[in-house]
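Chemist: Got a structure here, written out as structure tokens. Questions coming.
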């Protein structure tokens, strides 16, 4: 969730994001239910290795991992507060758990490990276009032959500019996110306006193909909020 650009917001106001996700304004419950269903389809339960980029407190991914346990979990985030909470949410996992306080792109580009699943939840949209392409490229290098890059994030509609997206998204935040105190909601709106750079799905697919991840499948879509699987082989 936190990247080098967005880290100040998440480090100092992590409770705001946690409240947003608890109220389900970004469809965390529905999207992570799709993730849980997908992980159950892997044939290497208890054997697959998962890297969680921008893991936050892992609150929503952790239940999916309990149902489909990995052999190894590494979570990476720049919010120390979130990582401390993640220790609690991931406590039920029996596999080795490693939590890393570091930039997610730097971690992936320097990784010498092979991963079966690289997951990123609401973090990719904070990166620039070039950084996103680098992340896909590094993922293509780090994934095993049957590996997955699994993304939960916001995505622009086709032919929608960033300005049009922001206008629509901020209007939705101010109109629908009524459970967030006004001052905190404005902080969140300011963060979105300054730090959110979501791509259109075709652009993400092109980046994935350039990295050898030739197949993609939208496994969940709720407004701008998507869950997308990228892989080398045919998606399940």
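Chemist: Quick check: pseudo-label points 7 Å beyond the Cα along Cα→Cβ at residue 109 and residue 163, how many nm apart are they?
Modeler: About 3.0 nm, to one decimal.
Chemist: Please compute the contact order of the chain in relative form: average sequence separation of alpha-carbon pairs under 8 Å and at least six residues apart, divided by the residue count, as a percent.
Modeler: Working: 426 pairs, mean separation 51.4, N = 236.
Relative contact order for the chain comes out at 22 percent.
Chemist: Between residue 33 and residue 84, what is 0.36 nm times their sequence separation minus the Cα-Cα distance? Round to one decimal in nm.
Modeler: On the way: separation 51, 0.36 × 51 = 18.36 nm, distance 2.40 nm.
Full-extension gain reported as 16.0 nm.
Chemist: Here is a further query. Among rounded, prolate and oblate, which fits segment 127-236 when a ≥ b ≥ c are the square roots of the eigenvalues of its C-alpha gyration tensor, a/c under 1.5 means rounded, and a/b larger than b/c means prolate? Intermediate values should be presented prior to the final figure.
Modeler: Details: a/c = 2.37, a/b = 2.14, b/c = 1.11.
The shape class here is prolate.
Chemist: Counting each DSSP H run of 4 or more residues in the chain as -39500 (n - 2.57), what helix-only mean residue ellipticity at 222 nm follows after dividing by all residues, to the nearest 500 deg cm²/dmol? Let's see the in-between values first.
Modeler: On the way: 10 runs with 103 residues, N = 236.
Computed mean residue ellipticity for the chain: -13000 deg cm²/dmol.
Chemist: Just subtract the alpha-carbon distance of residue 46 and residue 94 from 0.36 nm times their residue separation and send over the number in nm, one decimal. Walk me through the numbers before you get to the answer.
Modeler: Numbers: separation 48, 0.36 × 48 = 17.28 nm, distance 0.96 nm.
Taking 0.36 nm per residue and subtracting the Cα distance, the gain is 16.3 nm.
Chemist: Please arrange 83, 78, 187 by counting, for each residue, the other beta carbons lying within 10 Å of its beta carbon, fewest first.
Modeler: Working: 83 20, 78 23, 187 16.
Taking fewest neighbouring Cβ atoms as first place, the list is 187, 83, 78.
Chemist: First measure r as the distance between the Cβ atoms of residue 187 and residue 145, then evaluate 1/(1 + (r/R0)^6) with R0 = 45 Å and state the FRET efficiency to the nearest 0.05.
Modeler: Details: r = 44 Å, r/R0 = 0.97.
For R0 = 45 Å, the calculated efficiency reads 0.55.
Chemist: Going by a ≥ b ≥ c, the root eigenvalues of the Cα gyration tensor, does segment 46-156 fall in the rounded group (a/c under 1.5), the prolate group (a/b larger than b/c) or the oblate group? Write down the numbers at each step before the final one.
Modeler: Working: a/c = 1.64, a/b = 1.24, b/c = 1.32.
Note, shape of segment 46-156 comes out oblate.
Chemist: Work out the FRET efficiency for residue 102 and residue 130 from their Cβ-Cβ distance, taking R0 = 22 Å, and round it to the nearest 0.05.
Modeler: 0.65
Chemist: Have a look at 210, 123, 133 and tell me which one the Gaussian network model of the chain (Cα, springs below 10 Å) gives the largest fluctuation.
Modeler: Greatest mean-square fluctuation among the candidates belongs to 210.
Chemist: Sticking with this one: Taking 8 Å as the Cα distance limit and 6 or more residues as the minimum spacing, I'd like the relative contact order of segment 124-236 as a percentage.
Modeler: This gives 40 percent for segment 124-236.
Chemist: Would you mind ranking 196, 77 so that the residue whose beta carbon has the fewest other beta carbons within 10 Å leads the list? Kindly include the intermediate steps, with their values, before the conclusion.
Modeler: Numbers: 196 18, 77 30.
Fewest to most other Cβ atoms nearby, the residues stand as 196, 77.
Chemist: Just checking my list [x] 18.7, 53; [y] 16.6, 48; [z] 17.2, 51 against Rg and Dmax of the Cα atoms in Å computed from this structure; which label fits?
Modeler: For Rg and Dmax of the Cα atoms in Å, the calculated option is [y].
Since every read-out is calculated from the coordinates, none of them should be taken as a lab result. Here the structure is a predicted model, which is why all the values come from computation and not from measurement. FYI the Cβ positions are ideal-geometry reconstructions off the backbone, even for glycines, and counts take in every protein chain you see.
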